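Report on one structure; see the data block that follows.
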2 protein chains.
Amino acid sequence: MDLHILDHRLRVTSISKTGLEQYTHPLIKLIFLRNRTRCKFFSLTETPENYTVVLDEEGFKELQPSAHLQVEGSTWLPLNVVSNGNASSSSQAVGVTKIAKSVIAPLAEQHVSVFMLSTYQTDFILVSESGVSLPLYYVCVCVCVCSVPHATVHPVLIPENQFCVMSLDPDTLPAIATTLIDVLFYSNSPKEGASVDQDMEYIKFFSFSLIDGYVSLVMDTEAQRQFPTDLLFTSSSGELWRMVRIGGQPLGFDECGIVAQISQPLADSDISAYYISTFSFDHALVSPFFSLFDTQNILALSIS
Amino acid sequence: MDLHILDHRLRVTSISKTGLEQYTHPLIKLIFLRNRTRCKFFSLTETPENYTVVLDEEGFKELQPSAHLQVEGSTWLPLNVVSNGNASSSSQAVGVTKIAKSVIAPLAEQHVSVFMLSTYQTDFILVSESGVSLPLYYVCVCVCVCSVPHATVHPVLIPENQFCVMSLDPDTLPAIATTLIDVLFYSNSPKEGASVDQDMEYIKFFSFSLIDGYVSLVMDTEAQRQFPTDLLFTSSSGELWRMVRIGGQPLGFDECGIVAQISQPLADSDISAYYISTFSFDHALVSPFFSLFDTQNILALSIS
């Protein structure tokens with residue numbers, strides 16, 4: 001298992017819900033018109049609060065500054081674990097679980113801030129160039145396993161909708177363009193301004209990434225029904241995931257250890273999980289092969 | 001031949017070249033997401049000056065006012081000629097030529113302002129509810145055949161690029177979505193701010209309309225090459241048209257008779273022609289079966 005530092009310099013940004021319309025033009029270019037941009041790393045995740053956009057410097061140039069765009073101050077570098085075939089062969093788990101002990105825990109011990117971005121293809125661990133000294137008003141996930149005894153217990157939210165992690169041939173992206181545009185840019189109207197309710201049973205969450213030519217999509221089953229069934233694929237047909245959303249209030253920059261806290265116990269129990277950080281909250285997607293009751297207990301044990 | 005007043009109340013608007021980005025969100029909705037809008041009449045025409053958008057009240061609601069949006073003050077009603085099978089059977093011509101004598105000339109004689117919008121399917125003759133008493137700063141085409149002796153001689157421009165008038169099954173619109181989006185919203189960058197040169201050999205002109213479920217596209221052969229060949233169709237394969245653009249300066253509201261002046265001599269010679277009015281200029285698409293030399297002579301005779 002090798003840890004690679006990829007050749008991208010990334011910005012972590014947030015577009016407000018009401019600002020999306022204004023950014024439709026550059027976002028559609030970045031998603032669909034590969035010939036018109038040199039952006040090679042693009043990720044867009046909708047949550048109830050905002051749209052988290054992670055992209056390289058070439059892509060970032062396309063986003064005009066405005067009151068609707070928040071930009072995390074530092075540059076982030078993506079790390080990527082490439083399995084060399086014989087390492088961690090004992091685990092059947094996928095996602096962050098695979099790298100919890102080998103990468104996430106050691107980074108946390110070194111007080112390195114991480115921003116996780118799991119995709120269908122791999123898990124990107126973004127580390128800030130500026131380390132943990134980030135301005136107060138920016139949110140990132142700081143890992144500090146050493147201080148676990150003082151770690152805050154974050155409320156977790158487990159919405160009822162189920163998610164799938166999918167991909168498609170980038171050459172067939174045009175075939176789902178209008179559906180994807182509809183879901184990303186026009187499906188928000190009825191729920192515009194919905195508050196983030198701890199008791200909410202349904203969470204609006206949709207993630208699209210186009211990284212080095214690979215497409216990854218994370219969506220719930222309701223969104224999935226809108227797409228043609230023959231183009232999107234997942235590793236095992238019909239594989240669904242439950243979301244554990246971490247943080248009742250936006251996660252502050254000065255707190256550490258969240259990804260490690262979550263991934264460590266999942267790894268101990270060999271529970272597969274994807275992990276997607278956004279501007280305000282963290283989201284773990286947990287294997288349905290483990291009951292949610294058990295998951296909650298494990299998470300409760302780990303963070304209390 | 002029956003003249004029908006269709007059940008649409010239309011607005012004629014213009015979006016500036018630099019304002020297009022800001023209107024990408026509503027325009028993409030109007031073009032591609034039929035389920036999200038009740039707009040039934042939508043037409044978007046790019047010229048070197050601006051984007052002319054003609055749409056019904058439902059569609060007009062989607063366009064937020066801004067300095068980039070000019071709105072013609074009055075409401076326009078579309079007239080449509082439905083051939084009843086035996087009328088004008090002597091003419092093989094298509095487009096405005098068919099209706100020059102039966103509709104356009106009589107309307108002009110009645111001093112009724114018209115704004116022409118030819119499509120693949122039919123020719124819409126838009127008439128202003130408020131007649132010819134339009135505010136000075138709005139441009140429309142006023143017809144006043146009675147005053148032909150005093151009519152201004154407008155310079156005409158005949159660019160070298162050739163155009164096709166096409167259609168496609170509206171259900172296959174998603175299949176050309178990314179190409180259409182690219183051509184409409186992203187192909188302008190290198191020519192941004194290009195002046196309207198009387199000697200220009202190439203004119204940027206692209207028209208898309210979605211009216212009562214029917215799609216019509218007018219584009220030059222360069223744009224056509226970007227689209228898949230199997231989806232777009234035209235009445236006769238490879239049929240190309242030359243453009244006669246009318247007006248060296250934007251056509252003023254207080255001048256009359258332009259459409260009639262152009263269509264009358266074309267009809268006399270049975271030359272097929274489409275006719276597309278935009279916010280600033282008029283554009284006749286003339287059948288290639290007639291040489292341009294002859295066309296120029298006929299037009300020169302008619303307007304001098």
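Derivation of every value follows stated rules applied to the coordinates shown; laboratory data play no part. Every value quoted in this text rests on a predicted model; they were computed, and no experiment measured them. Every residue, glycine among them, receives a Cβ derived from its backbone with ideal geometry; neighbour counts consider all protein chains shown.
Mind checking B:169-177 for the average number of partner chain beta-carbons within 10 Å of each residue's beta-carbon?
Counting Cβ atoms of other protein chains within 10 Å of each residue's Cβ and averaging gives 3.
Give the long-range amide H neighbours of B:Val215: residues separated by 5 or more places, or on another chain, with amide H under 5 Å away, using H modelled in the peptide plane at 1.01 Å from N.
Under 5 Å from the amide H of B:Val215 lie the amide H atoms of B:Leu168, each far enough along the sequence or on another chain.
How many partner chain Cβ atoms sit within 10 Å of a residue's Cβ in peptide B:35-41, on average, as a whole number?
Rounded to a whole number, the mean comes out at 1.
Every other copy gets compared here: list the nm distances from the A:Gly213 label point (7 Å along Cα to Cβ) to its counterparts, shortest first, one decimal.
List, nearest first: 4.3 nm.
Would you tally the net charge around B:Thr178, using a Cβ to Cβ cut-off of less than 12 Å, leaving B:Thr178 out, and scoring K and R as +1, D and E as -1?
Taking every Cβ under 12 Å from that of B:Thr178, the sum is +1.
Spelling out what I want: for every residue of region B:258-267, take phi, set θ = phi - 60°, compute 6.51 cos²θ - 1.76 cosθ + 1.60 (Karplus), and round to whole Hz; glycine and proline get x.
5, 4, 5, 4, 7, 7, 4, x, 5, 5
Among B:Trp241, B:Trp76, which comes first, then next, by fewest other beta-carbon atoms within 10 Å?
By the 10 Å Cβ count, ascending, the order reads B:Trp241, B:Trp76.
Taking amide hydrogens as modeled 1.01 Å from N in the peptide plane, which residues meet the under 5 Å criterion relative to B:Thr13, leaving out close sequence neighbours?
B:Val53, B:Val54, B:Leu55, B:Glu72
Across the residues of A:22-28, average count of Cβ atoms on other protein chains within 10 Å?
That average works out to 6.
Would you mind counting up the charge near B:Leu77? Only other residues with Cβ under 11 Å from its Cβ, with Lys and Arg at +1 and Asp and Glu at -1. Walk me through the numbers before you get to the answer.
On the way: positive: B:Arg9; negative: B:Asp7, B:Asp56, B:Glu129.
Around B:Leu77, the charge tally is -2.
Search the structure for amide H atoms under 5 Å from the amide H of B:Tyr275, placed 1.01 Å from N in the peptide plane, and list their residues when 5 or more places away or on another chain.
The answer is B:Val96, B:Ser118, B:Leu285.
What list of ³J(HN,Hα) couplings, whole Hz, do you get for region A:38-47 from phi and the Karplus terms 6.51, -1.76, 1.60, once you set θ to phi - 60° and write x for glycine and proline?
9, 5, 10, 9, 9, 9, 10, 10, 8, 10
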